[in-house]
1. Restricting attention to the stretch 42-59, which residues are under 14 Å from residue 20 (Cβ atoms), surrounded by fewer than 16 Cβ atoms within 10 Å (Cβ to Cβ) and not hydrophobic (A, V, I, L, M, F, W, C)?
2. Being outside any helix (DSSP H, G or I) and either modelled with pLDDT of 90 or more or hydroxyl-bearing (Ser, Thr, Tyr) (or both) is the filter; apply it to the stretch 1-24 and report the residue that is surrounded by the fewest Cβ atoms within 10 Å (Cβ to Cβ).
3. State whether one or more residues within the stretch 25-33 are closer than 15 Å to residue 70 by Cα, part of a helix (DSSP H, G or I) and out of contact with any Phe, Trp or Tyr (no Cβ under 8 Å at 6 or more places or on another chain).
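The values are calculated or read from the model by the stated rules, or taken from the named source; none is laboratory data. Computed from a predicted structure; not experimentally measured. Counting neighbours? That spans all protein chains shown, and the Cβs are built from the backbone with ideal geometry, glycine included.
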Amino acid sequence: MTRHYCTGLGPVPPGTNSCCKQHDNDYGAKGRVSRAEADRRLRQCMIAQGKPMLAWLFWAACRAGGWYFWKDKTHDNDRSVPQGWQQVGHDAGPQDGGL
């Protein structure tokens, strides 16, 4: 079963899906490029796949809302959760009392 990396598109041709997969990797904790560069690479890859309109649409969407998914690589992926607050996805145990 093929994983679909292009959010909102469903099944796409393998070349387009590989562009989205690389973009997801660039946005991840182990990504080595800036967010702007990751978005540019996605756009260029999709243009190379013969999808220029989709490329610009995805680029604009990533620039507008991608900050939400971007993993901050300068703070060990800690979004500076205020002390006493529970980080999303963190299971509060008896040792930290939860909230």
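1. First, the residues of the stretch 42-59 that are under 14 Å from residue 20 (Cβ atoms): 42-49, 51, 54-55, 57-59.
From what's left, surrounded by fewer than 16 Cβ atoms within 10 Å (Cβ to Cβ): 44, 48, 57.
The answer is 44, and nothing else.
2. So in the stretch 1-24, the residues outside any helix (DSSP H, G or I) come out as 1-13.
Filter again for either modelled with pLDDT of 90 or more or hydroxyl-bearing (Ser, Thr, Tyr) (or both), leaving 2, 5, 7.
Working: 2: 8, 5: 17, 7: 12.
Here the residue is 2.
3. Here is the first cut: in the stretch 25-33, the residues closer than 15 Å to residue 70 by Cα are 25-33.
Subsequent filtering for residues that are part of a helix (DSSP H, G or I) retains 25-27.
If we keep only those that are out of contact with any Phe, Trp or Tyr (no Cβ under 8 Å at 6 or more places or on another chain) as well, we get 25-26.
Yes.
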